[in-house]
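J.: One structure, pasted below without further comment.
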Amino acid sequence: MDNGEVFSGLVKTTGRASDADRHVGRRIRERRVMLGLSQQQMADMIGVTYQQAHKYERGINRISAGRLYEIAQVLGVPVNFFFDGLDQEEEGPVSARQRMCLELARNFVMIQNDRHREALTQMARALASQAGTETRAEATEECS
């Protein structure tokens, strides 16, 4: 380990961003997209430049504990949200179905009218009840 590498727990670091930093960045991006926020909007809300927010999401720059807390407040999640799944194997690229679930959630959040949201929820429930139990379980797994 003469090249400055440090092993901490499950993650190898070299003084730069680690796998954990990239994981946290991905989780930030997922939540931001789910809320329908642009990188610029999030950057403005946490008081950094667009470029800095982009580097956080890519895992290029590390995020301080204080900044991560601020991001969690802005995105409406507890800090541990960003670490969920960190100790699990990387799942690979997002499937088309997962992408569709994320887009559906993002669009749902943007609906302002409570009656429209409720109608959409009821319609989804009705369509899901037509599917078999096995198919619902698979869909639930993919959207998680």
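The values are calculated or read from the model by the stated rules, or taken from the named source; none is laboratory data. Predicted model only: the values in this text are computed from it and were never measured. Note that each Cβ is placed from the backbone with ideal geometry, even for glycine, and that neighbours are counted across all protein chains shown.
J.: Does residue 71 count as farther than 30 Å from residue 112 by Cβ and surrounded by 17 or more Cβ atoms within 10 Å (Cβ to Cβ)? Step through it out loud before you land on a result.
T.: Values: farther than 30 Å from residue 112 by Cβ: no; surrounded by 17 or more Cβ atoms within 10 Å (Cβ to Cβ): yes.
For residue 71, the condition - farther than 30 Å from residue 112 by Cβ and surrounded by 17 or more Cβ atoms within 10 Å (Cβ to Cβ) - is not met.
Here is a yes/no grid of residues against (1) assigned to a helix (DSSP H, G or I); (2) over 13 Å from the mean Cα position of the chain (by Cα):
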site: 24; (1), (2): yes, no
site: 32; (1), (2): yes, no
site: 37; (1), (2): no, no
site: 41; (1), (2): yes, yes
site: 66; (1), (2): yes, yes
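J.: Among (1) within 21 Å of residue 99 (Cβ to Cβ); (2) of a type outside the set (Asp, Glu); (3) touching a residue at least 40 places away in the same chain (Cβ under 8 Å), where does residue 62 come up short?
T.: Only one criterion is unmet by residue 62, namely (1).
J.: Do any helices (runs of 4 or more DSSP H) lying entirely in segment 68-144 carry at least 3 residues that are among the polar types (S, T, N, Q) and modelled with pLDDT of 80 or more, and which ones are they?
T.: Working: elements: 96-110, 114-130, 133-143.
Where helices (runs of 4 or more DSSP H) fall fully within segment 68-144 and carry at least 3 residues being among the polar types (S, T, N, Q) and modelled with pLDDT of 80 or more, they are 114-130.
J.: Still on this structure, please answer the following. Can you confirm whether segment 4-23 contains a residue that is at pLDDT below 85 and acidic (Asp, Glu)? Before the answer, list the steps.
T.: Applying the first criterion (at pLDDT below 85) to segment 4-23 yields 4-18.
Okay, now just the ones that are also acidic (Asp, Glu), so 5.
Yes.
J.: Please determine, by comparing only the residues of segment 43-64 that are among the β-branched types (Val, Ile, Thr) and assigned to a loop (DSSP other than H, G, I, E, B), which one is surrounded by the fewest Cβ atoms within 10 Å (Cβ to Cβ).
T.: Here is the first cut: in segment 43-64, the ones among the β-branched types (Val, Ile, Thr) are 46, 48-49, 60, 63.
Subsequent filtering for residues that are assigned to a loop (DSSP other than H, G, I, E, B) retains 48-49, 60, 63.
Working: 48: 18, 49: 12, 60: 15, 63: 22.
This residue is 49.
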